[in-house]
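Below is one structure; the comments refer to it alone.
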Amino acid sequence: MRIHLLWLIHIYTGLGIPIAGLTLYYCAKGEIKTAFFYMFLAVLIDATDGSLARRFNVSKVLTSFDGRKLDDLVDFLNYVLVPVTMAFFLKILPGDNLFFGIIPIMASAYGFSQVSAKTEDGFFSGFPSYWNLVVFYLYLFKLPTFLNIMIFILFSGAVFMPIKYIVPFKTKPFARVTNIFCAVWCLNLFAIYVFFQNPPAWLVMLSTAFPFYYAGLSVYLHFSKSGDPQPKRRNNY
């Protein structure tokens, strides 16, 4: 593949930056369904850009540019800054107290900066800052504000706990079950999005099965293995 074409992969990753802006733009306009569309579009790019980069050995050809740094920047925008900001627009967090937004942002900044953010055996170390999913579900469930605050504090604290969380489509133990379950869950989320204005309660509750499975399997695998995970630089590429 010609060198100049490989830059398209970096550009593909970089699309997450304007997409983050579009997410906030439509959220501020009150077009929430469109905002969540762009939020999940960013997730789709993040789920596919690394495979492309590895497939064409981008890091070994374009040695003057660090795609991993770009990837971290885009991830922090779309998984942390944007969803936490949306939490205020959507009144998930109280708009008169920005302190509750600082907590998850600072916790995630710590998590993103850890050398052991990903382990050699294919796990995240500590809660992997899925704030976009946290905000999506809290928006759907319409919980009281004080419960939302407690959930944000709980997950912020989980960033500092070195529990090994599975990485869908990468972690090897129970990979077949996890990958199938994750694919079905994505279809479930799509169905919720189609009925976004008034999704059936059973459909929303059904979609929580995979997050519970994800957390349960992560804890199980963490405590069923001996020895400390070997640190690995955060690398989605």
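Laboratory data are not the source of any read-out in this text; all were calculated from the coordinates shown. Predicted, not measured: the structure shown is a model, and the values here were computed from it. Because the Cβ atoms are built from the backbone with ideal geometry, glycine has one as well, and the counts that use them run over all protein chains shown.
Computed values, structure above
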quantity: Given charges at beta-carbon only (K, R positive; D, E negative), |dipole| of the chain in Debye; calculated: 500 debye
quantity: Distant-in-sequence amide H partners of Ser125 (H built 1.01 Å from N, under 5 Å); calculated: Lys118, Thr119, Tyr165
quantity: 3J(HN,Hα) from dihedral phi, the range 6-15, Karplus parametrisation 6.51/-1.76/1.60, rounded to Hz, x for glycine, proline; calculated: 5, 4, 4, 5, 5, 5, 4, 4, x, 4
quantity: Pairs from Lys33/Lys91; Lys29/Lys142; Lys60/Lys170; Lys29/Lys91; Lys60/Lys118; Lys91/Lys118 whose Cα-Cα separation, in the structure shown, is over 26 Å; calculated: Lys91/Lys118
quantity: Phi to ³J(HN,Hα) by Karplus 6.51 cos²θ - 1.76 cosθ + 1.60 over the range 63-75, Hz, x for Gly, Pro; calculated: 6, 8, 10, 9, x, 5, 5, 4, 4, 4, 4, 5, 5
quantity: For the range 163-228, average projected area of the Cα convex hull in nm²; calculated: 4.9 nm²
quantity: Per-residue [θ]222 nm for the chain (sum of -39500 (n - 2.57) over DSSP H runs n ≥ 4, rounded to 500); calculated: -20500 deg cm²/dmol
quantity: From the coordinates shown, P(r) over Cα pairs in 5 Å bins from 0, in percent corresponds to which of (1) 1, 6, 13, 16, 20, 19, 14, 7, 3, 1, 0; (2) 1, 7, 14, 20, 21, 18, 13, 5, 1, 0; (3) 1, 7, 13, 16, 15, 12, 9, 7, 6, 5, 4, 3, 2, 0, 0; calculated: (1)
quantity: Residue among Gly126, Ile9, Pro200 farthest towards the positive dipole end of the chain, charges placed on Cβ; calculated: Ile9
quantity: For the range 48-79 and the range 86-103, distance of Cα centres in Å; calculated: 31 Å
